[in-house]
Amino acid sequence: MDDVCLDTTIEELSEIESLNIRLINICKYNNLIDLSQILDYYVSHGHFLDIRNFGIQSSNELVRISQKYISLYPSIIAVNNELPDLELNPPLIELPIKRSYTHLQKTIFANFINIKISLLSVRLKNVLRKYFNDDYSFDTFERMILLTPEDKLRNINGLGEKSFVELRKLINSVNEYIDTFIHR
């Protein structure tokens, strides 16, 4: 850590921290080219999820690095003290666990999901139809809904606040059904 300073570029940081090339490219694309810019962004936002092309893993990786080096640069905190309620060490976002299901289980879950979707409001059904490209398989639902963080689900095109509440109820219902089915 002795050779790391605010002017350490993302490439140099990559060598020290073994960052993946995708993260380096995303940082460059979004003008996070040195440690000072990364720390400034971290201090003002607490995460990197709202940056274009940043997913949970990329954000968690930069949060980890920011938390590691933030203590070396307390002056950055003073510069951005207009956010007094900012939590400097937010927990890393946990990825939902993808389980393995049999073909029969997936078929049963897909049938349950299709029944539940048929009971939704017309607006939400239309939003989901477009979002899923008319593919209501369990694998698609799991990948695009169940394993997607809530903040990303809010960005589904055409999904308003009321529809989002309805979607959360659907997700809870499906998760509850799966848990009940698996633990019988």
Across the range 122-149, what is the number of residues that are without any contact (Cβ under 8 Å) to a residue 12 or more places away in the chain, basic (Lys, Arg) and over 16 Å from VAL174 (Cα atoms)? 1
Would you confirm, using the coordinates I've provided, whether LEU120 is out of contact with any Cys (no Cβ under 8 Å at 6 or more places or on another chain), assigned to a loop (DSSP other than H, G, I, E, B) and at pLDDT 85 or above? yes
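Of everything in the range 1-32 that's among the aliphatic types (A, V, I, L, M) and surrounded by fewer than 16 Cβ atoms within 10 Å (Cβ to Cβ), which residue is nearest to SER59 (Cα to Cα)?
Out of the qualifying residues, it is ILE21.
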Note: among LEU35, LEU23, LEU39, just one is in the same structural domain as ILE65 (by TED's automatic domain parsing) and either touching a Cys at 6+ places or on another chain (Cβ under 9 Å) or in contact (Cβ under 8 Å) with a residue 40 or more places away in the chain (or both), namely LEU35
For ILE51, indicate whether it is modelled with pLDDT of 80 or more, hydrophobic (A, V, I, L, M, F, W, C) and surrounded by 13 or more Cβ atoms within 10 Å (Cβ to Cβ). yes
Output yes when any residue across the range 166-180 is exposed (fewer than 11 other Cβ atoms within 10 Å of the Cβ), part of a helix (DSSP H, G or I) and under 17 Å from the mean Cα position of the chain (by Cα), and no when none is. no
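Name every residue in the range 29-40 that is farther than 13 Å from TYR69 by Cβ and in a helix (DSSP H, G or I), in order of residue number.
Within the range 29-40, just TYR29 meets the criteria.
The values are calculated or read from the model by the stated rules, or taken from the named source; none is laboratory data. Just so you know, these numbers come straight off a predicted model, no measurement behind them. Positions of Cβ are generated from backbone atoms using ideal geometry, with glycine treated the same way; all protein chains shown enter the neighbour counts.
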